[in-house]
1. Do you know which residues across region 59-81 are more than 16 Å from Ser107 (Cα to Cα) and within 16 Å of the chain's Cα centre (by Cα)?
2. Quick one: which of Asp95, Asp70 is open to solvent by 40 Å² or more (accessible area, probe 1.4 Å), at pLDDT 90 or above and not in a strand (DSSP E or B)?
3. Which members of region 60-92 meet the condition of being under 24 Å from Gly121 (Cα atoms), in contact with a strand residue (DSSP E or B) (Cβ under 7 Å, 6 or more places away or on another chain) and not hydrophobic (A, V, I, L, M, F, W, C)?
4. On the given criteria, is Gly119 open to solvent by 50 Å² or more (accessible area, probe 1.4 Å) and not hydrophobic (A, V, I, L, M, F, W, C)?
5. Taking the stated definitions as given, is Lys83 open to solvent by 20 Å² or more (accessible area, probe 1.4 Å), of a type outside the set (Phe, Trp, Tyr), within 15 Å of Ser14 (Cα to Cα) and modelled with pLDDT of 90 or more?
6. Residues that are open to solvent by less than 30 Å² (accessible area, probe 1.4 Å) and modelled with pLDDT of 70 or more, at least 2 per element: which strands (runs of 3 or more DSSP E) completely within region 1-42 meet that?
Amino acid sequence: MTKVRPTVHSSRPSTQIAGITGGFAPPTPDYIYTLTKPSNATNLLVTSAVRHAGSPQLQDALPRSLPAADYDALIDELHSILKELPMESPPGSEDIYGLDTSIAWGSDDLEWCNGGPQGCGGGTSEVQATDEQKAKFRRAVDIVNELTSKESK
């Protein structure tokens, strides 16, 4: 289960979570990445919680700080992608993008989340993603992965 929480245009965090599909039992995330840019701040705060192979729980890493201005183009691209993408309905019913990954975004102009708060527990979504939308979601995941792999400056 992958979870990304990228919030970069407000103080609310955005998150990416890997490992969102479950069944009878809730999913166990492989990692949770959180990106936050507090209002009026010049830095992007990046936190990663990763579950290592064989470990039952996520291990937190110290937050890193990146100069937000260096990554504005990627953040804007992520925001514009998510504005165009559908979410499953009902929430958490089905992983409509097929990547076992959730992104939650919160900003003044956009509240977006796929995978529901407890992941996807089975069922069928009334909304299905097209191949083009799946490719855009894959790009959104790549952007978050790129941002979370950057070193502090």
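The values are calculated or read from the model by the stated rules, or taken from the named source; none is laboratory data. Please read these numbers as outputs of a predicted model, since none were measured by experiment. Cβ atoms come from the backbone with ideal geometry, glycine included; neighbour counts cover every protein chain shown. Accessible surface areas use protein heavy atoms only, side chains included; no ligands, DNA or RNA. Shrake-Rupley method; radii C 1.70, N 1.55, O 1.52, S 1.80 Å.
1. Listed by number, the list is empty, since nothing qualifies.
2. Numbers: Asp95 fails: open to solvent by 40 Å² or more (accessible area, probe 1.4 Å).
Just a single option satisfies the conditions, and that option is Asp70.
3. Of region 60-92, the ones under 24 Å from Gly121 (Cα atoms) are 82, 85-92.
Of the ones still in play, those that are also in contact with a strand residue (DSSP E or B) (Cβ under 7 Å, 6 or more places away or on another chain) are 82, 87, 92.
Correct list: Gly92 only.
4. Answer is no for this residue.
5. Numbers: open to solvent by 20 Å² or more (accessible area, probe 1.4 Å): yes; of a type outside the set (Phe, Trp, Tyr): yes; within 15 Å of Ser14 (Cα to Cα): yes; modelled with pLDDT of 90 or more: yes.
Taking the combined requirement at face value, the residue satisfies it.
6. Numbers: elements: 2-7, 14-18, 31-36.
In region 1-42, the matching strands (runs of 3 or more DSSP E) lie at 14-18, 31-36.
Table: residues versus (1) open to solvent by less than 20 Å² (accessible area, probe 1.4 Å); (2) assigned to a helix (DSSP H, G or I); (3) of a type outside the set (Asp, Glu); (4) at pLDDT 80 or above.
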position	(1), (2), (3), (4)
Gly106	yes, no, yes, yes
Trp112	yes, no, yes, yes
Ala129	yes, no, yes, yes
Ala135	no, yes, yes, yes
Asp142	no, yes, no, yes
Asn145	no, yes, yes, yes
